[in-house]
Amino acid sequence: MLTLYDDVFSPYARKVRIALYEEFSSGRELLSAVAEEVARHARALGEQSLVYRLDAERSKLAAEDFNLAVMGEFKRGKSTLVNALIGAGVLPSAVVPLTSVVTVVRHGACPCARVRFRDGRSHDIALDELEAYTTERGNPANAKSVERVEVDHPAPLLRAGVRLIDIPGIGSVYEANTAVTFDFLPQADAVIFVLGADQPTSQAELDFLHRIRGYVEKLFIVLNKIDLLSPSDLEEAIAFSRKQLERALEDRGFRLYPLSARLALDARLGVDGQVLEVSGLGPLEADLARYLDVYRASVLLAAARRRLGACLDELVSRVELRRQAALIPLETLAARIGEFERQSGRIVWSQAAVEGRLSDARRRLIESLEATHASFVAAKTPIVVQCLEDAHRGRPAGRRNLIAALQRALEEGVQRARGLGGGAGRPRPGRHRGAPGLVTEGRRGGRRRSGRIARLKVLSARLQARVARRPGDAFHDTSSLARDGPMVRPRISKASVRHLVAQRHCPLVLAA
């Protein structure tokens with residue numbers, strides 16, 4: 001703890017730091033003893049989740065680990081900023097929401113990585129394999145059940161227990177990433193909050209800042225991607241962001257760090273060593289160094305006291321709940337349990353009844369639509385047939401071509417209906433089976449499709465029979481299609497009829 005940036009302190013300041021460290025050591029021992037005592041009671045009550053949290057806090061105090069979390073909305077350049085701070089392109093980045101798993105970057109003699117899974121397993125991986133575990137592209141929705149990924153790197157900033165935590169961004173289409181971020185908040189000791197200069201500060205970001213301030217006292221607010229704006233636009237973006245932050249934080253004394261993490265990383269990687277000063281990373285690094293050297297010990301103790309207090313309050317609440325439950329007579333408990341079970345049963349059957357009513361209403365609606373469709377076809381079929389007859393009278397070749405096109409359309413309709421019928425008889429997923437009042441949608445749909453196929457076959461056979469007759473009579477036998485009244489002879493141009501046939505309106509009407 002005394003080895004970080006010692007060269008910037010005078011002998012007097014080092015004596016003060018030694019005294020602060022001694023105070024930290026005594027406070028750490030006291031808090032560790034409290035955590036052990038609370039964990040003993042939690043273990044006796046079977047509260048294993050509390051025991052796990054308390055043991056983790058004791059381990060954190062013993063190792064003097066300081067969690068410096070990098071947070072913000074998605075696509076603000078958080079992973080790139082972490083890479084710039086450690087001076088290496090370790091963490092993957094992309095133009096789409098990428099980070100999906102918490103990544104802990106800590107000090108190590110040589111760069112390496114380790115994956116820890118939720119079931120307790122862990123194994124070492126190469127740095128170029130990180131994307132397969134930490135990103136939505138390589139590990140969508142965290143299908144591999146990764147708890148976190150730990151990366152070791154010999155960066156100066158990570159000495160003496162400082163750990164940079166790359167947290168998934170909030171506000172993207174991946175809701176699980178937002179949940180991961182909020183779950184990690186209680187473990188943060190300080191936060192680097194990243195905004196984007198290319199996008200105005202949103203109300204969601206300000207709300208997130210308020211939530212963060214409930215867990216940590218120190219915030220480093222970064223305005224990233226300044227290289228994407230012109231000087232005039234950058235000045236406007238800085239002024240706007242500062243005004244919004246002053247209003248939200250109710251503080252005019254905070255510092256905003258405009259920078260370009262991409263330019264800083266390029267400079268550190270040797271791509272362009274002249275742009276490090278232009279990138280704006282220097283002021284942030286200097287303030288981080290001073291803060292970690294002077295305030296890290298006191299912040300660790302304050303954060304540990306806060307988390308231990310939360311665990312103790314939760315344990316007391318659970319004990320009180322058990323005490324109140326123990327004071328309730330057994331007869332009252334049995335009556336409440338019975339009433340709960342009865343209410344649960346009524347809810348289940350009510351839900352099934354509602355599903356049944358919805359199914360019946362859907363069936364009646366379909367029948368009404370089919371009846372309306374049938375009457376419409378019966379009324380309009382004579383008009384369509386007469387239009388076709390008028391348009392193609394005296395043109396045997398054109399009439400034959402039209403008949404052939406209608407025949408092909410009918411055959412395609414039969415094939416499509418057969419393809420759709422492959423799922424007939426199967427109930428829709430997610431429906432209740434065996435509940436009263438429910439009708440299996442798959443069987444009814446299968447019967448309707450079978451009826452349509454049969455009608456298409458009949459119409460196809462009828463059309464083939466007409467084709468077999470004399471070409472001049474192909475469209476004159478309309479008695480079977482128009483039995484509801486005399487045909488109407490509207491004045492429709494040949495171009496309109498050709499457009500109608502090209503759009504396959506006629507085959508669709510006949511197929512219905």
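Using a 1.4 Å probe and counting only protein heavy atoms, arrange ARG307, ARG357 so the residue with the most accessible area comes first.
Values: ARG307 30, ARG357 155 Å².
Solvent-accessible surface, decreasing: ARG357, ARG307.
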Taking a ≥ b ≥ c as the square roots of the Cα gyration tensor eigenvalues, with a/c under 1.5 meaning rounded and otherwise prolate when a/b beats b/c or oblate if not, segment 211-254 comes out prolate
For segment 243-255, just list the computed ³J(HN,Hα) in residue order, Karplus coefficients 6.51, -1.76 and 1.60, θ = phi - 60°, integers in Hz, with x standing in for Gly and Pro.
5, 5, 5, 4, 5, 6, 8, 6, 8, 9, x, 6, 10
Checking the a/c ratio against 1.5 first, then a/b against b/c, what shape does the Cα gyration tensor give for segment 235-375?
oblate
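Under the definition of Cα pairs under 8 Å and six or more residues apart, what whole-number percent is the relative contact order of segment 222-276? Intermediate results must be reported in sequence, preceding the final value.
Working: 38 pairs, mean separation 24.4, N = 55.
Worked out over segment 222-276, it gives 44 percent.
With a 1.4 Å probe and all protein chains kept in place, how do LEU327, LEU333, LEU259 rank by accessible area, largest first?
Details: LEU327 125, LEU333 55, LEU259 0 Å².
Largest to smallest exposure gives the sequence LEU327, LEU333, LEU259.
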LYS75's amide H: which non-local residues (gap 5+, or another chain) put their own amide H closer than 5 Å, with H modeled 1.01 Å from N in plane and none for Pro or chain starts?
LEU98
Using a 1.4 angstrom probe on the protein heavy atoms only, line up GLU57, GLU236, GLU147 by accessible area, largest first.
GLU236, GLU147, GLU57
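The values are calculated or read from the model by the stated rules, or taken from the named source; none is laboratory data. In this text the structure is predicted, and so the values were computed from the model without any measurement. The accessibility values were calculated without ligands, DNA or RNA, using every heavy atom of the protein model including side chains. Shrake-Rupley method; radii C 1.70, N 1.55, O 1.52, S 1.80 Å.
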